[in-house]
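The values are calculated or read from the model by the stated rules, or taken from the named source; none is laboratory data. The shown structure was predicted, so the numbers you read here are calculated from the model rather than taken from an experiment. Cβ: placed from backbone, ideal geometry, glycine included. Neighbour counts: every protein chain shown. Ligands, DNA and RNA are stripped out before the accessible areas are found, and what is left, the full protein with its side chains, is counted by its heavy atoms. Shrake-Rupley method; radii C 1.70, N 1.55, O 1.52, S 1.80 Å.
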Amino acid sequence: MLPASHGHLSLAMGYHLWGVTSHNEEVTEQLSLSALGEARLRPDFALPELEPTQAPGVFAEAVQTLKGTPSDAEVLRAWGDLHAACDLALQEACRFLDAEFIPSKNLDDPDFEYPFDRKLLERGIFLTVVFRYRIDAEGRLQDGEFIEWGPREGTRQIAAKYKAVRFRPATLAGHRLDAPTQIFMLLGPMWVTLMTPGKLEWAWRRANSFPESGPAWTNLAMQLAVHAPDDPRFPKALERAHALAPLSWWAATEVAWQRVLAGQYAAALMAVRPAWHRERPHPYVLETAAAALFGLGCCEEALKEQERAMGSLPKDWPQLEQERFRGKLKEYQTACVAPPAAPAPHVSAGSGPR
């Protein structure tokens, strides 16, 4: 490791931005030497195309398969079927995945040295490495590829380290399976704190250098949402983040909110649906679903989701936000209980940037 005179090396496995929304909420960067952040991905094979009426039967069949002694291929097929049913808003399938899928986990704590040019470290330069790979049913790393990388030699050192790491394979209802995952690594000096212009510059550099990286575009969209929500490039960055990282509830919800504001309610509901039907959706997910439902004329459902959003707000949530949620609920109540003979008061499903 680096000598003490150089300070501590931040090897953050995952550039964590917790609780980021489009409000004036600061991004929290979780930097840790020992944390190993492995993000579970969706199945990387084509999911079956189902009609909504087929989802309950497919879900029941998958659960029944997993109760027995399925082959590796049958476990993978059940995993895909469960995701397809969940995507069609079958909450039982979503809850089953949340409860029964356990992602792979490393069993070692690699001891990294800063693998790139030390002059970069001394200048306070941050580097991001995103390594996507598979862990097979035996816990072996397979098919590794870099989505973001630094200088070639340093990247090779990281890959070599991970080939020697032991992993516990992912499981579904207790059955091992071959599943993809990825590691995010933020490498840089812990003594450097980036100010807002530096964060935005670094985020743009990542996205432009690695245009196919979901993590890079998601980070850029988050930074813009917090620090420059009026930037005309924000909507396109957000759409790109959602396209490359469809499992990001934040990107999906923000894209859906933009569509609500544009009056595209069905498209908004489609974007937010996967996050909406998870076990414990975020208050903004519920609020966005409510706005889309209201725009589609589904008053009863919109009221229900806005009430759920209110009930899920943490006690320490900003007071102004609590009042906004409460005000929107009252608007929906007023509009939805108006007598049929009288025109309901005009209520916009969306109310501008959050």
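Of all accessible surface on the stretch 42-121 at a 1.4 Å probe, what whole percent is carbon and sulfur?
49 percent
If I model a spin label as a point 7 Å beyond the Cα along the Cα-Cβ vector, how far apart are those points for Glu92 and Glu122 in nm?
6.5 nm
Skipping prolines and chain starts, which residues have an amide H placed within reach, meaning under 5 Å, of the one on Phe167, given they are 5 or more residues away or on another chain?
Leu107
Multiply the residue separation of Asp143 and Lys67 by 0.36 nm, subtract the distance between their alpha-carbon atoms, and state the gained length in nm to one decimal.
24.4 nm
Is the stretch 196-336 best put as rounded, prolate or oblate by its Cα gyration tensor, with a ≥ b ≥ c the root eigenvalues, rounded for a/c under 1.5, and otherwise prolate when a/b is larger than b/c, oblate when not?
prolate
Starting from the Cα of Lys105, draw a straight line to each of the lysines and keep only those under 26 Å, dropping any in the same chain fewer than 8 residues away.
Lys67, Lys161, Lys163
Tell me the accessible surface of Ile102 in square angstrom (1.4 angstrom probe, heavy atoms of protein chains only), to the nearest ten.
Surface accessible to solvent at Ile102 totals approximately 80 Å².
Quickly work out the Arg156-to-Met270 label distance, labels modelled 7 Å from Cα along the C-beta direction, and quote it in nm with one decimal.
So the two model labels end up 4.6 nm from each other.
In whole Hz, what ³J(HN,Hα) sequence does the stretch 171-181 give by Karplus (6.51, -1.76, 1.60; θ = phi - 60°), x for Gly and Pro?
9, 10, 6, x, 9, 5, 8, 7, 9, x, 7
Highest mean first, how do 319-327, 292-300 rank when packing is the count of other Cβ atoms within 10 Å averaged over residues?
292-300, 319-327
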